[in-house]
Amino acid sequence: MSFKATTAACVAAALALGMGTTVAASDYPSSTINWVIPFGAGGGSDRLSRVFAAEAERHFGGASLNVENHPGAGAVTGWMHVLNQPADGYTVFNATPTPIITLLSEEDAPVDPGEIDILGYLAAFASVLVVREDEFPDWDSFISALNERAVTIGGTNALLLGAANAIDQAGAEAIYVPYGSTGESVTDFLGGHIDVAAVTESTALTIVPENGIALMNTSSIPLPDSVNEALGNPPMITDLGYSGLAFPRWVGMHPDTPEEIKARFAEMFEAAATDPEIEAVFEAAGEPIIFLDREAAAADYEAMVNTMRNAIGLLQ
Amino acid sequence: MSNWWRSNQAIGLYLLLIIGALFTYILWQPWAHRVMRDGFLLGMMPMMGVGLMLLCAAAMIMDPLRKEQPENLQDARTSDAWLPIVMLAGIGLCFWAMSRLGFLLASPPFLLAFMLWFGLRPVRLAIILAIVVPVVVFAFFTLLGVRLPQGILAGIF
Amino acid sequence: MQIDAFYDALALVFTFNTLFWLVIGVFLGVGLGAIPGLTASTGIALMLPLSFTLDITGALGLLIGLYKGAVFGGSISAISFATPGAPDSAATVYDGYKLTKQGKGRKAILTALYSSVTADTASDIVVILVAPSIALMALQFGPTERLWLMVVAITLLGTLSGRHLAKGMLSAGIGLFLGTIGADPVSNVARNTFGQSWLRDGIHLVPLVIGIFAMSQMLDQGLELLRKTRGGKKVEQSAKDLFGAKSEGLTFREYLSCWREMGIGIGVGTFVGALPGLGATVASFMSYGIAKQAFPEKKIGEGSIHGIAAAEAGNNATVGPTLVPLLAFGIPGSATAALIGAALILQGITPSPRMFSLHADVIYALFIILILGNLFNLGIGRAFSFLYARLGQVPGEVLVPIIMIMAVIGAFAARGDPADVYMMLGLGFLGFLMRRVGIPEAPLVITFLIAPLLEENLRRALLINRGDWGGALFGSALGIGLAGFAVLVLLITFKMNVGSKLAKIGHADDKKEG
């Protein structure tokens, strides 16, 4: 940090201390924004957050974005941390469905998944069902097979939720085999130990077309065209009139944050996420930005929580 | 038999009581009896672990080595139990301070106190080391890209 | 083999840039690896941003060098201070630290270095020659087969239990219990968390190993120091004067005498490394256990270079093979492989089967870097051993508090979760008590690692076989074969170990009573 920025930060901190939390929205942001992620350093979320923080600073009025790791308790520790910080817009929560799944799995969860204000999606990965073409050439044959025999679907817990949600709506049942990591589930799919692999689109790209086809995209949000094409344009579950389940990298704030600050942040966040330069960096990292603005993201989030609540029951 | 309390048999008995209490606790928990979708009890594996411990503790009371005393326990004194606890409390306190004051402020007092406690003399050497070592460690970790807690010094770096 | 691509690869690798970053990588790796809590994957994660700014061979040199260096580096502190730098060198502590106490620390570190480099090179060659076949073999390993592999690992517990079987199994029970804390693998529901939400992610391996091995040892040494200060029992100061220039090195004959242990390490490590989800810690403990079982006359566990050779060959032999699933199918088999995959993606190369045809030069460059990295590891590892040897001369009054602080940082740095530090301290006390009453630590670590994997795979196999135990356990020829092997190992263990143990005990009883 340069001396100037340091001084500015010190002055800002002193002012903030002096004035309590009544920070005017007009000069937001005037100091460092803490970008909280509920995962440890080194994981996928950490990597993308750091890339974003480094690239996006210029869209946040010169305020620096400081990535803070608060892992633990099924990614709920970070959420609790955010709720314990002042609701002044200087603490942002950037998470995935992991903490939501934890909260919905608990009988007495410490917070409700609604205790956050969603301000946008930075990405939304899909649970894509990958199968061997000779076994299940299309969705209809897949569903009829499900009704005749027990079909095994493997994947990580989150991705199985997407699969279970889709299959449940089609009125069918399957055997969901949970895996700790995508590596293990894909190995078992390639080895023929399970019938279907529920994977993200980026993993699906490594399997399709040599070792399988993308049978169905169970997400609520379409994939980028280039990805869709490479996967052989799989149908979307929403085309069938069912609800889909996307796995967003969402960004939110303490619910008590003043509205002007939330609006201001959402604006700056949108500017950063739709900046072609930043988009190109994410594209190169193999995780293209799939941006949803505040309104669309909040609506999808609410639907996602409800859908998950039901789907989690199927997997317990 | 004055030293019976140090024998394997006695240790087995203490363990049996502690582990038995743990087993009863788990048995009383409602979650332990919840059936998962694959038919397994949620508490099955934990109970297997405690069960195995219980079995081994019982075996220690009865097996051929029961009369033997563990080597490290033969000259043990009561201070062997509380001194490590004091050490751990000191380390815990140091970490607690670290997360508030930062690594650079919390570790010198800890290092100084422990070095003197362990018998390092002269005092001057202990003071110098307690200041130099944290600075070197901090610099090294910063160079590697690991951010140690900065605490109230955060503004300076 | 595409000769043109191979020449291109040579031109890519033998540049100042690539070699420079390879040296930096190995250097950082050994340095980081020797610090408790900073493992290979932490190191790679830290260097990932830097690797983005390098060209492809520079980035691969940095990351692979770091990986190799870090897996070896863990053994240095395991041997010098009984503080494993990473979980995968925990098995090295037994023989390594005993040798240090006997004044043969230098010999121990050199054994670790040479067996690491030998096994690493051998497994790299295997990877280069038969990567696709290993990958195909790994595919045969479904839940049923993995389940039996875990059972084989569990049967080695008997050998790691020491002379008192009940205590060894008690330790295994503790590990099993600690391993079940967290989320149920099938339903993701919290279990055994005592109502504490911070336990939901379970106990992490790094704080566990630091606590049980390092912190407990430091508590012991702290006590010894206090006794000495109070003018009580005189304790020999072992750390001093051990690493003087005159201390014993390793002869070529001694190195060669470890060939069987290294062979076991290479075999176990190569295979375990190629299977997703197991990793270097499992490999080193398995290799150590098998060697101990197979050669009782070598007194592994009582300060034998053969034990170090087995453990260190086992963990370093996983380095190359971890990349096999990544290269063959684009599936990262471990966290470290995932990070190397991420680096490749950022360089515009998506790991997949197509990589061999699309980017043959990069694949060959990777192979050359794998082999070259071992040479650098040998040189830099030697230099570091001597540096640490100097640190070993620091008196305990200074060293013990510093290692305590490092243990705290290490437990915290692994995940950044403060709960891990308190957990590590608690486990340190547990380890201290276990040592006092003569309960061995190895079975605890083994079951802590293996039991959750065993449970996961068993329940997966049952799900896949619709709850049919017969199908889940004996559904494939490979599964039956592995089951037979497990029974064989168990029989041998029972015959050799328990038989001789009982005989010894009977003897002791006779004497006491007689």
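The values are calculated or read from the model by the stated rules, or taken from the named source; none is laboratory data. Note that the structure is predicted; figures quoted are calculated from it, not measured. Note that we place each Cβ from the backbone using ideal geometry, even for glycine, and neighbour counts take in every protein chain shown. Heads up: the accessible areas ignore ligands, DNA and RNA and are worked out on the full protein's heavy atoms, side chains in. Shrake-Rupley method; radii C 1.70, N 1.55, O 1.52, S 1.80 Å.
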Directionally averaged shadow of the range C:391-438, computed from the convex hull of its alpha-carbon atoms, nm²: 4.2 nm²
Pairwise centroid distance, computed over Cα atoms, of the range A:250-316 with the range B:1-72, Å: 49 Å
Buried accessible area, chains C and B (both chains, 1.4 Å probe, Å² to nearest 100): 6000 Å²
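Can you pull the percent of Cα pairs in chain C with separation above 46 Å? Can you show the working numbers first?
On the way: 12534 of 131841 pairs.
In whole percent, the share of Cα-Cα pairs in chain C beyond 46 Å is 10.
Can you sort C:298, C:228, C:98, C:167 by solvent-accessible area, 1.4 Å probe, largest first? Please list the in-between numbers first.
Numbers: C:298 35, C:228 55, C:98 85, C:167 10 Å².
Descending accessible area places them as C:98, C:228, C:298, C:167.
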Whole-angstrom Cα spans of chain B along principal axes, big to small: 58, 53, 24
With DNA, RNA and ligands ignored, accessible area of residue C:200 (1.4 Å probe; Å², nearest 10): 20 Å²
Tilt relative to chain A, helix A:44-56 - C-alpha long axis, 0 to 90 degrees, to 10: 40 degrees
Surface share of carbon and sulfur [accessible, 1.4 angstrom probe, percent] for chain A: 52 percent
Residue B:132 accessible area, assembled protein chains, probe 1.4 Å, Å²: 70 Å²
Helix-derived mean residue ellipticity, 222 nm - over chain C, DSSP H n ≥ 4, -39500 (n - 2.57), to 500: -24000 deg cm²/dmol
For the range C:105-151: span of alpha carbons on each principal axis (Å, largest first): 43, 29, 7
Student exercise, the protein assembly as shown dipole from Lys, Arg, Asp, Glu Cβ charges, in Debye to nearest 20: 5640 debye
Whole-Å distance, taken between Cα centres, linking the range C:30-70 and the range C:413-480: 28 Å
Tilt relative to chain B, helix B:8-28 - C-alpha long axis, 0 to 90 degrees, to 10: 90 degrees
Aspartates and glutamates whose Cα lies under 15 Å from that of residue C:68, excluding same-chain neighbours fewer than 8 positions away: C:88, C:120, C:124, C:312
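Which whole-number percent gives the relative contact order of chain C, counting Cα pairs below 8 Å spaced six or more residues apart? Show your work: numbers first, answer last.
Details: 969 pairs, mean separation 139.6, N = 514.
Here the relative contact order equals 27 percent.
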The range C:3-513 - percent of accessible surface contributed by carbon and sulfur, probe 1.4 Å: 68 percent
For chain A, radius of gyration divided by Kirkwood radius, i.e. Rg to Rh on alpha-carbons: 1.01
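Filter the chymotrypsin sites (Phe, Trp or Tyr not before Pro) in the range C:5-56 down to the DSSP loop ones having no more than 14 other Cβ atoms within 10 Å, then list what survives. Intermediate values should be presented prior to the final figure.
Numbers: sites: C:6, C:7, C:14, C:16, C:20, C:21, C:27, C:52; in loops: C:14.
Sparse-neighbourhood loop chymotrypsin sites (Phe, Trp or Tyr not before Pro): C:14.
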Distance violations [Cα-Cα > 19 Å] among C:107/C:228; B:67/C:98; C:101/C:299; C:101/C:292; C:98/C:228: C:107/C:228; B:67/C:98; C:101/C:292; C:98/C:228
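With the other protein chains left in place, how much accessible area per residue, in square angstrom, belongs to the range C:1-89 at a 1.4 angstrom probe?
Numbers: 2540 Å² over 89 residues.
In whole numbers, the range C:1-89 has 29 Å² accessible per residue.
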Residue C:14 paired with residue B:78, simple spin-label distance in nm, labels 7 Å along Cα-to-beta-carbon: 7.4 nm
Where only alpha carbons of the range A:225-287 are counted, the Rg and the Dmax (Å): 16.4, 45
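Under 8 Å for C-alpha pairs, at least 6 residues apart: give me the relative contact order for the range B:4-73, rounded to a whole percent.
Details: 67 pairs, mean separation 36.7, N = 70.
Rounded, it is 52 percent for the range B:4-73.
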Cα point-scatterer Debye curve for the range C:10-156, base-10 log of I(q)/I(0) at q = 0.09, 0.11, 0.16, 0.18 Å⁻¹: -0.37, -0.55, -1.01, -1.12
Separation between Cα centres of the range A:120-175 and the range C:182-202, rounded to whole Å: 27 Å
Shielded residues, the range A:66-80 - accessible-area loss of 20 Å² or more between chain alone and all protein chains, probe 1.4 Å: A:66, A:71, A:72, A:73, A:74
The range B:53-136 - percent relative contact order, Cα under 8 Å, separation 6 or more: 19 percent
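Place a +1 charge on the Cβ of each Lys and Arg in the range A:128-240 and a -1 charge on the Cβ of each Asp and Glu, then give the dipole magnitude about the Cα centre in debye, rounded to the nearest 20. Walk me through the numbers before you get to the answer.
Values: 2 positive and 16 negative charges, 52 e Å.
I would put it at about 260 debye.
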Dipole of the protein assembly as shown, positive end: most advanced residue of A:52, A:311, C:306 [Cβ charges, Cα centre]: C:306
Geometric extent, Cα atoms of the protein assembly as shown - Rg, Dmax (angstrom): 28.1, 93
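If one takes the accessible area of chain A alone plus chain C alone and subtracts that of the pair, with a 1.4 Å probe, what total in Å², rounded to the nearest 100, results?
Numbers: alone 13710 and 21590 Å², together 32100 Å².
The buried area between A and C, both sides summed, comes to about 3200 Å².
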Shielding score for A:173-180, defined as the mean number of other chain Cβ atoms within 10 Å: 5
Farthest positive-ward along the range C:3-513 dipole, Cα basis, beta-carbon charges - from C:458, C:35, C:431: C:431
Magnitude of the charge dipole, chain C, Cβ model with Lys/Arg +1 and Asp/Glu -1, debye to 20: 1620 debye
Cα Rg, Dmax, the range A:128-240, angstrom units: 12.5, 36
Unit charges at the beta carbon, dipole of the protein assembly as shown: most positive-side option, A:120, A:182, C:404: C:404
Zero-based 10 Å bins, Cα pair distances in the range B:4-73, whole percents: 21, 38, 23, 14, 4
Of the DSSP H helices in chain C, those whose Cα atoms cover at least 27 Å axially and whose Kyte score averages 1.0 or more: C:56-81, C:105-140, C:360-391, C:396-415, C:442-464
Under DSSP loop assignment and at most 12 Cβ neighbours within 10 Å, longest GluC sites (Glu not before Pro)-free interval of chain C: C:1-235
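Would you tell me the mean number of C-beta atoms belonging to other protein chains that fall within 10 Å of each C-beta in B:132-138, as a whole number? Intermediate values should be presented prior to the final figure.
Values: counts 0, 4, 2, 0, 0, 5, 1.
The mean count of partner-chain Cβ atoms within 10 Å per residue comes to 2.
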Rg ratio (alpha-carbon, reference 2.2 N^0.38 Å) - the range B:79-156: 1.19
